[in-house]
Amino acid sequence: MATAKPETYSVVNSAGHSPSCEGGTMKEDANNAAAQTATALTAALTLEQRSYKLDDFDTVSTVGTGTFGRVFLVKEKKTRGYFALKAMKIPDVIRLKQEQHVQNEKAVLSEVNHPFLIRLFWTHHDECFLYMLMDYVPGGELFSYLRNMGRFNNSTGLFYSAEIVCAIEYLHSKEIVYRDLKPENILLDRDGHIRLTDFGFAKKLVDRTWTLCGTPEYLAPEVIQSKGHGRAVDWWALGVLIFEMLSGYPPFFDDNPFGIYQKILDGKIDFPRHLDFNVKDLIKKFLVVERTRRLGNMKNGADDVKKHRWFKYVDWDAVPQRKLKPPVVPKVSHEGDTSNFEAYPEDDWKKDPPVPPKDLEMFKNF
């Protein structure tokens, strides 16, 4: 999935999307830096209350690999509880200039607490790796179910969309932009409810940011054009996601990223005939090039989305309480079941030399 960051659970095979991409920051607002510092302080205070050691866990298996990271299913020796432990190679993080994204991910996850978001319990580093201890979500990726079914019916797409709307609304209420919404980053818990994962591109925002990052098929026009972007990019991505869930393919695709970008900027959408009239209207309102007119990014924010007629039968109070009935209940035999994830070889991935002290300095608070 990602070329510039580890995936939280798995790497997409050739049937997946173009890899996530990340470019250099052209300019950043000073307010953003201040906001991130405040978030980091909150994160530090929160994490100080949690105490784990690497020796507290037995590694069960690898459940995901990425460019510079690997995710292990681990079992706590004392409680016998299962967690996902993401390990990232420090030399690769530095080489790919991902230090800030890694710090952002820690800061954001330390601040959030929502039923549809992954939870971070502990972070740590040694001389070779950065570690993040998170929920293990055994149902696997929404991407796998979409690939197996070809496409979702209207009611299935509606269920996942409603839960994602609540997750995005929550993040935006905390001035956080997610920036990497796609089926690969949506996990299903054992009951079938969603959990957004992989917050490597998430960021606390005051105004706008200029970093080029995301997956080509899901990038909003303002990201491609380097105009500076904000929370509106998440609503654009939701429009792309709803189209893909109900069609089986994204609305803008090509053999190379530049072809995808051109189609996004052209803004022409060819809808399959079977799509419901109301959902077509919703997708069109999300995929508006002018972000000030994009649904979700206007004065009433997420309320405009919730009031759209495609969602007219949704009880929005019941959604975050996980009261809606999931259309798919994953087959999970026990909390440490890995059958819904790809199998990965257990190689000598950890045999790397220690990092020089000067390189460790930037991660001293991790």
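Candidates Ala202, Ala237, Ala232: the one that is of a type in the set (A, V, I, L, M) and more than 28 Å from Val63 (Cα to Cα) is Ala232.
Can you tell which of Asp255, Asp270, Asp352 is modelled with pLDDT under 90 and loosely packed, with under 12 Cβ neighbours inside 10 Å? Explain how you work it out, then say what you get.
Numbers: Asp270 fails: modelled with pLDDT under 90; Asp352 fails: loosely packed, with under 12 Cβ neighbours inside 10 Å.
Testing whether each residue is modelled with pLDDT under 90 and loosely packed, with under 12 Cβ neighbours inside 10 Å leaves just Asp255.
Residues in the range 68-82 that are within 25 Å of the chain's Cα centre (by Cα) and either among the aliphatic types (A, V, I, L, M) or surrounded by fewer than 21 Cβ atoms within 10 Å (Cβ to Cβ) (or both): Val71, Leu73, Val74, Lys75, Gly81, Tyr82.
Return yes or no: is Arg151 under 16 Å from the mean Cα position of the chain (by Cα), among the basic types (Lys, Arg), surrounded by fewer than 22 Cβ atoms within 10 Å (Cβ to Cβ) and modelled with pLDDT of 95 or more? When the stated conditions are applied, Arg151 does not pass them. Taking the range 261-279 as the range and being assigned to a helix (DSSP H, G or I), more than 18 Å from Thr215 (Cβ to Cβ) and either out of contact with any Lys or Arg (no Cβ under 8 Å at 6 or more places or on another chain) or of a type in the set (Asp, Glu) (or both) as the test, the residues that pass are Asp266, Phe277, Val279. Taken over the range 59-93, residues that are in a loop (DSSP other than H, G, I, E, B) and either closer than 13 Å to Pro138 by Cα or in contact (Cβ under 8 Å) with a residue 40 or more places away in the chain (or both) amount to 4.
Evaluated against (1) buried (at least 17 other Cβ atoms within 10 Å of the Cβ); (2) part of a loop (DSSP other than H, G, I, E, B); (3) in contact with a Ser or Thr (Cβ under 7 Å, 6 or more places away or on another chain), Asp337 falls short on exactly one condition, (3).
Residues are listed down the side, and each one gets a yes or a no for (1) within 21 Å of Pro327 (Cβ to Cβ); (2) in a strand (DSSP E or B); (3) aromatic (Phe, Trp, Tyr); (4) outside the structural domain of Pro272 (by TED's automatic domain parsing):
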position	(1), (2), (3), (4)
Gly157	yes, no, no, no
Ile164	yes, no, no, no
Leu181	yes, no, no, no
Glu217	no, no, no, no
Leu246	yes, no, no, no
Phe253	no, no, yes, no
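For Tyr261, are the conditions met, namely being crowded, with 16+ Cβ neighbours inside 10 Å, aromatic (Phe, Trp, Tyr) and at negative phi? So Tyr261 fits the description; yes. Taking only the range 286-315 into account, find how many residues are surrounded by fewer than 18 Cβ atoms within 10 Å (Cβ to Cβ), of a type in the set (Lys, Arg) and in contact with an Asp or Glu (Cβ under 9 Å, 6 or more places away or on another chain). Here the count works out to 1.
Conditions (1) more than 24 Å from the chain's Cα centre (by Cα); (2) modelled with pLDDT of 95 or more; (3) of a type in the set (D, E, K, R), marked per residue:
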position: Tyr313; (1), (2), (3): yes, yes, no
position: Ala318; (1), (2), (3): no, yes, no
position: Gln321; (1), (2), (3): no, yes, no
position: Lys358; (1), (2), (3): yes, no, yes
position: Glu361; (1), (2), (3): yes, no, yes
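Check the range 288-308 and report whether any residue there is under 17 Å from Thr156 (Cβ atoms) and of a type outside the set (Gly, Ala, Ser). No, the range 288-308 contains no residue that is under 17 Å from Thr156 (Cβ atoms) and of a type outside the set (Gly, Ala, Ser). Does Leu282 count as assigned to a helix (DSSP H, G or I), in contact with a His (Cβ under 9 Å, 6 or more places away or on another chain) and closer than 30 Å to Met88 by Cα? Against the criterion (assigned to a helix (DSSP H, G or I), in contact with a His (Cβ under 9 Å, 6 or more places away or on another chain) and closer than 30 Å to Met88 by Cα), Leu282 does not qualify.
Answer yes or no as to whether Arg119 is within 30 Å of Glu76 (Cβ to Cβ) and among the basic types (Lys, Arg). Yes: the conditions hold for Arg119. Within the range 173-186, residues that are in contact (Cβ under 8 Å) with a residue 40 or more places away in the chain reach partners that are polar (S, T, N, Q) with beta carbons closer than 6 Å, at six or more positions or on different chains, in the pairs Lys182/Thr215; Asn185/Thr197.
The values are calculated or read from the model by the stated rules, or taken from the named source; none is laboratory data. Keep in mind the model is a prediction, meaning the values are calculated, not measured. A quick note on method: Cβ atoms are made from the backbone with ideal geometry, for glycine too, and the neighbour counts reach across all protein chains shown.
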